[in-house]
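To keep things clear, I will list the structure first and then write my remarks on it.
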Amino acid sequence: MDKQLETIRKAYDLTVEQHGKGINPLDDVPEEIKNSPFYKSLLSNSCALNSAACDIKDYLAPRPGMRFFDAGCCANIANYRLDEWPSTYYGVDISMALIGTMKDFVTRRRLFIGGLHVADISKLPFDDSFFDIAAVIGVLEYCTLEYIRASLRELNRVLKPGARAVLDIPNQNHPYISDMVKLEEYLGRRIFVHPRSQSKNLLAPLFSIERMDDSRVMIKYFVRNLK
């Protein structure tokens, strides 16, 4: 998994570099992928797949005084202004380039947030029971089952008892899944498509699943933390 993490880190570092040069990494996507129903759906429904999606915000119900944890935060604070939620925003990502860029964004805009950290989600730099709500969106698809197990344990540790979280994993039964795999591989980001049953088995000892949505290429789990 160390090699996989380094590959993902480099892929996102490259994306930051490309954006800094005004290059959109999706411009040169092969026509086979661009013409797929998955890619067209991705462009038209991207708002439903990110950490700021309405169903995620509605479930997490952020309020003043809450600490919100965005795992694998990427550029979410800039793209979706998650600092404007009434909760206090904390983000972690393994890409130093991404975190550095987001810290610059926060400084330029003089935003109030809890913090941004370069961190592995299986080894988080936070105290026990620190967070009230969390989102782990667009992250676990890059992980082996053992790494997911370790990361879920760590998430359980840093969340308060009964805290709400939303997580997503690839939907192995969705008709677009093979095209999603192709796009991620083109971007240098290998993903793992684990059986749904295995993911649920990893969640069960640590979280109660209140509901799930498997209507899209990524399955969303809406869960409560168990202690």
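The values are calculated or read from the model by the stated rules, or taken from the named source; none is laboratory data. This is a predicted model, so every value here is computed, not measured. Note: ideal-geometry Cβ built from the backbone for every residue, glycine included; neighbour counts use all protein chains shown.
Just to check your reading of the model, which residue among GLY138, GLY188, GLY162 is out of contact with any Asp or Glu (no Cβ under 8 Å at 6 or more places or on another chain) and in a loop (DSSP other than H, G, I, E, B)?
GLY188
Suppose we filter ALA134, ALA150 for residues that are surrounded by 23 or more Cβ atoms within 10 Å (Cβ to Cβ) and at pLDDT 95 or above; which single one remains?
When all the criteria are applied, what remains is ALA134.
Search the range 43-52 for residues being touching a residue at least 40 places away in the same chain (Cβ under 8 Å) and farther than 12 Å from TRP85 by Cβ, and hand back the single one that is nearest to the chain's Cα centre (by Cα).
ASN50
Going through the range 63-96 one residue at a time, which ones are touching a residue at least 12 places away in the same chain (Cβ under 8 Å) and of a type in the set (Asp, Glu)?
ASP70, ASP83, ASP93
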